[in-house]
1. Taking the stretch 113-147 on its own, how many of its residues are touching an Asp or Glu at 6+ places or on another chain (Cβ under 6 Å) and at pLDDT 80 or above?
2. Does the stretch 192-210 contain at least one residue that is within 15 Å of the chain's Cα centre (by Cα), at pLDDT 50 or above and loosely packed, with under 15 Cβ neighbours inside 10 Å?
3. Only one of these is under 23 Å from Thr15 (Cβ atoms), within 18 Å of the chain's Cα centre (by Cα) and either at pLDDT 95 or above or not aliphatic (A, V, I, L, M) (or both): Thr47, Thr62. Name it.
4. Yes or no: Ala91 closer than 15 Å to Asp149 by Cα, buried (at least 16 other Cβ atoms within 10 Å of the Cβ) and in contact with a helix residue (DSSP H, G or I) (Cβ under 9 Å, 6 or more places away or on another chain)?
5. From the set of residues in the stretch 148-159 that are among the polar types (S, T, N, Q) and at pLDDT below 95, which is surrounded by the most Cβ atoms within 10 Å (Cβ to Cβ)?
6. Hey, Asp162 hits all of (1) surrounded by 14 or more Cβ atoms within 10 Å (Cβ to Cβ); (2) out of contact with any helix residue (DSSP H, G or I) (no Cβ under 7 Å at 6 or more places or on another chain) but one; which does it fall short on?
7. Cβ-Cβ distance below 6 Å, separation of 6 or more or different chains: which pairs start in the stretch 51-71 with a residue that is touching a residue at least 60 places away in the same chain (Cβ under 8 Å) and of a type in the set (Val, Ile, Thr) and end on one that is surrounded by fewer than 19 Cβ atoms within 10 Å (Cβ to Cβ) and outside any helix (DSSP H, G or I)?
Amino acid sequence: MLSRVKEILKEFGFTLYTKPYQLNIVGLRSKNVNSNSFDDEIHVFYTKPDGKWNYHIFPATTDPGTFWLNNPTYPQGTAILAQGQNRDAYAIGLHRGKYEALVQVKPVTVIRDYDRDAILDFNNGSKETGNFGINIHRAESTGSTKLIDQYSAGCQVFKDADDFYAFMQLCKLHAKLHGNSFSYTLVDFRSLRRITLKRVVTATTVFAAFALGWIFTPKVYERT
C-alpha cells in the first residue's frame with residue numbers, strides 16, 4: 001500500500017515527508033457518493049530512525065454527514081474538502097474548545113454542496129478557499145461510531161475513538177520533533193479514476209491500461 005500511495009503523491013506533485021516521525025497524513029475518499037457512512041480512510045505513515053516505514057490505516061470520513069447536507073449552516077451549502085495537499089494547514093489545538101485534535105490554521109479549499117439532499121455533490125458545487133474550521137477529529141469519545149450524522153459538517157473524522165487517540169500520540173511526537181505544524185493531503189478516488197480513464201483513452205501503450213489496476217484494489221486494513 002505504501003508504494004501505491006507514494007505513486008499518487010508523486011503523480012500530483014505532493015510532498016512526501018521522510019524525516020523520522022514526520023507524519024504523512026493522507027485521506028483517501030472512496031467513490032461512494034452516499035453520505036453518512038464511514039467509508040473513507042486516513043492513512044498515516046512515517047519513517048523510523050532506522051529508515052524503515054511505519055504505516056497505519058484508520059477508517060474515517062472525509063465527507064459531511066447527512067444532517068449537515070440537509071441543514072447547511074452556510075446558504076451556499078455544506079463544505080466538502082476538495083482534493084489537494086494542504087501544507088502546514090493544521091496544528092494541535094482544541095476542537096470546538098473541548099478536546100485535542102488537529103485544527104485548521106491556514107486556508108483550505110472546499111466545495112459547497114448546495115443541493116440539500118443526502119447525495120454528495122462533488123462536481124456542481126462552487127469552490128471556496130478560507131478558514132472554515134475543517135478539523136481532523138473523532139466521532140464518539142469511546143468505541144466505534146456507526147453513522148456520521150452531526151459529527152462532520154466538512155471535517156475529517158475518525159470512526160474509532162481508540163484509533164484517534166493513537167493518531168494524536170503520533171501527532172504529539174511529530175510536534176515535539178518537527179514543530180506543531182501538519183500537512184493534510186486528500187485524494188479523491190473519483191478524480192483519480194477520471195484522470196486514469198482519460199489517459200487510457202489517449203495512450204497507446206499497455207502500461208497505461210495496466211495503471212487502472214491499482215485504483216480498484218480492495219481495501220486492506222493494516223495496523224502497526
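The values are calculated or read from the model by the stated rules, or taken from the named source; none is laboratory data. Please read all numbers here as calculations on a predicted model, not as lab measurements. Cβ coordinates were reconstructed from backbone atoms using ideal geometry, including for glycine residues, and neighbour counts include every protein chain displayed.
1. Of the residues in the stretch 113-147, the ones touching an Asp or Glu at 6+ places or on another chain (Cβ under 6 Å) are 113, 115, 120-121, 125, 144.
Now narrow it down to the ones that are at pLDDT 80 or above: 144.
Final tally of qualifying residues: 1.
2. Here is the first cut: in the stretch 192-210, the ones within 15 Å of the chain's Cα centre (by Cα) are 192.
Next cut, at pLDDT 50 or above only: 192.
Imposing the further condition that a residue be loosely packed, with under 15 Cβ neighbours inside 10 Å reduces the set to none.
Looking for residues that are within 15 Å of the chain's Cα centre (by Cα), at pLDDT 50 or above and loosely packed, with under 15 Cβ neighbours inside 10 Å, one finds none in the stretch 192-210, hence no.
3. Working: Thr47 fails: within 18 Å of the chain's Cα centre (by Cα).
Unique residue meeting the criteria: Thr62.
4. Working: closer than 15 Å to Asp149 by Cα: no; buried (at least 16 other Cβ atoms within 10 Å of the Cβ): yes; in contact with a helix residue (DSSP H, G or I) (Cβ under 9 Å, 6 or more places away or on another chain): yes.
Judged against the criteria, Ala91 is not a match.
5. At the first step, the residues of the stretch 148-159 found to be among the polar types (S, T, N, Q) are 150, 152, 156.
Retained after the next criterion (residues that are at pLDDT below 95): 150, 152.
Working: Gln150: 13, Ser152: 27.
So the residue we want is Ser152.
6. (1)
7. Ile57/Tyr221; Ile57/Glu222; Thr66/Ala118
To keep it simple, each residue is scored yes or no on (1) modelled with pLDDT under 95; (2) not hydrophobic (A, V, I, L, M, F, W, C).
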| residue | (1), (2) |
| --- | --- |
| Ile8 | yes, no |
| Asn32 | yes, yes |
| Lys52 | no, yes |
| Tyr55 | no, yes |
| Thr73 | yes, yes |
